[in-house]
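Q: Before we start, here is the structure in question, set down as structure tokens.
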Amino acid sequence: MSRRGPLKSAVPSHLVSSVRRCSRTACGRPAVATLTYVYADSTAVLGPLATYAEPHCYDLCAVHSERLTAPRGWEVVRLAVDTGPSRPSGDDLEALANAVREAARRGHLRVLRSPDS
């Protein structure tokens with residue numbers, strides 16, 4: 001909070017998407033796979049979308065992951081990739097709820113009241 005009131009975001013939150021996009025230039029499709037390189041072995045590994053975006057990994061959409069080729073002398077290792085839209089499963093949501101319950105039970109969560117109330 002600044003002296004002039006609440007801070008405003010540079011980009012309205014309704015314009016920000018939580019879906020990771022393909023790393024290829026001018027491609028806005030949702031990412032379904034992550035590409036990593038093992039330079040020591042001259043290998044490109046294409047696998048399921050990583051949980052977190054990493055600086056030296058490249059997220060690719062279904063189209064670009066299918067078209068992927070490697071430089072001459074390199075090997076491409078393709079791990080099983082689900083190209084369907086990713087949605088949290090019931091197990092994911094249950095695990096998240098259990099983690100929140102456990103943190104609350106231990107007293108690690110607390111309600112922060114605004115200074116006005």
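Just so you know, all these numbers are worked out from the coordinates, no wet-lab data involved. All values reported here derive from a predicted model rather than from experimental measurement. Cβ sites come from the backbone with ideal geometry, for glycine too, and all protein chains shown count toward neighbours.
Q: Please give, to one decimal in nm, the separation of the simple spin-label points placed at Ala26 and Arg113, each 7 Å out from Cα toward the Cβ.
A: The answer from the label model is 5.7 nm.
Q: If you plug each phi of the range 55-68 into the Karplus form 6.51 cos²θ - 1.76 cosθ + 1.60 with θ = phi - 60°, what whole-Hz ³J(HN,Hα) values come out, in order, with x for Gly and Pro?
A: Here the 3J(HN,Hα) series is x, 10, 10, 10, 7, 10, 7, 4, 4, 6, 6, 6, 7, 4 Hz.
Q: By DSSP, what percent of the beta bridges with both residues in the range 19-84 are antiparallel, rounded to the nearest 5?
A: Counting DSSP beta bridges with both partners in the range 19-84, the antiparallel share is about 70 percent.
Q: Karplus couplings for the range 27-37 from phi (6.51 cos²θ - 1.76 cosθ + 1.60, θ = phi - 60°), rounded to Hz, Gly and Pro as x?
A: With coefficients 6.51, -1.76 and 1.60, one gets 9, x, 6, x, 6, 10, 9, 10, 9, 10, 10 Hz.
Q: If we count other beta carbons within 10 Å of each Cβ, what is the order of Ser23, Ser18, Ser65, Ser42, fewest first?
A: Ser18, Ser42, Ser23, Ser65
Q: Using a cut-off of under 12 Å, list every residue of the range 15-45 whose amide N is near the label point 7 Å from the Cα of Val77 along the Cα-to-beta-carbon line.
A: 36-45, by backbone N distance to the label point.
Q: In a shell of Cβ-Cβ distance under 12 Å around Tyr37, excluding Tyr37 itself, what net charge do Lys and Arg (+1) and Asp and Glu (-1) give?
A: -3
Q: Just to be sure I understand the model, the point goes 7 Å from the Cα along the line to the Cβ. What's the resulting Val19 to Arg67 distance in nm?
A: The answer from the label model is 1.9 nm.
Q: Which of Tyr37, Tyr58 comes first, and how do the rest follow, when ranked by fewest Cβ neighbours within 10 Å?
A: Tyr37, Tyr58
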